[in-house]
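Report on the following structure.
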Amino acid sequence: MNLRTIQVLLFVVALSVFAADFTMGCGGGYVYGQVTQKYKSGAGVSQETIAVNGRPFTVPADFWDQVSLGDWVRYNGKRWEKAEAPKSTPPGTYPTPGTPVPSTP
């Protein structure tokens, strides 16, 4: 192999490592959901843990104290905070598929 081919291969490998680190290393950068469990875990050292939609996350102690089961929370990659529940539309607001939409006079 010539030098140029080796340089190109090394460049591709370096980009692959960067891409893998970027996509995998950011590790759940954004979380939004409802608190489904709340408990303390850890061997010897207590870790405050909440489960958001069934998936466990270790959170700071002061945030753990603020939230309760059923609360909506979000994590933006840097900070946990309480969130508003998603707004739901009342039943019957949208027509069922296949039914004509009434026209307004």
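Which of the peptides 30-38, 62-70 is most tightly packed, and how do the rest follow, going by the mean number of other Cβ atoms within 10 Å of each residue?
Values: 30-38: 14.7, 62-70: 12.9.
The densest-packed peptide leads the list: 30-38, 62-70.
How high is the relative contact order of region 31-83, in percent, with contacts defined as C-alpha pairs under 8 Å that are six or more residues apart?
Numbers: 100 pairs, mean separation 19.5, N = 53.
Here the relative contact order equals 37 percent.
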field: Anchor residue 38: aspartates and glutamates whose Cα lies under 20 Å away (excluding residues fewer than 8 positions away in-chain)
entry: 48, 62, 65, 71, 81, 84
query: Mind checking which lysines have their C-alpha under 30 Å from residue 40, skipping anything on the same chain fewer than 8 residues away?
result: 78, 82
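Readers should treat all values here as calculations from the given coordinates under stated rules, not as data from a laboratory. Keep in mind that what you see is a predicted model, and the values were worked out from it rather than measured. Here the Cβ is made from the backbone with ideal geometry for all residues, glycine too, and neighbour counts use every protein chain on show.
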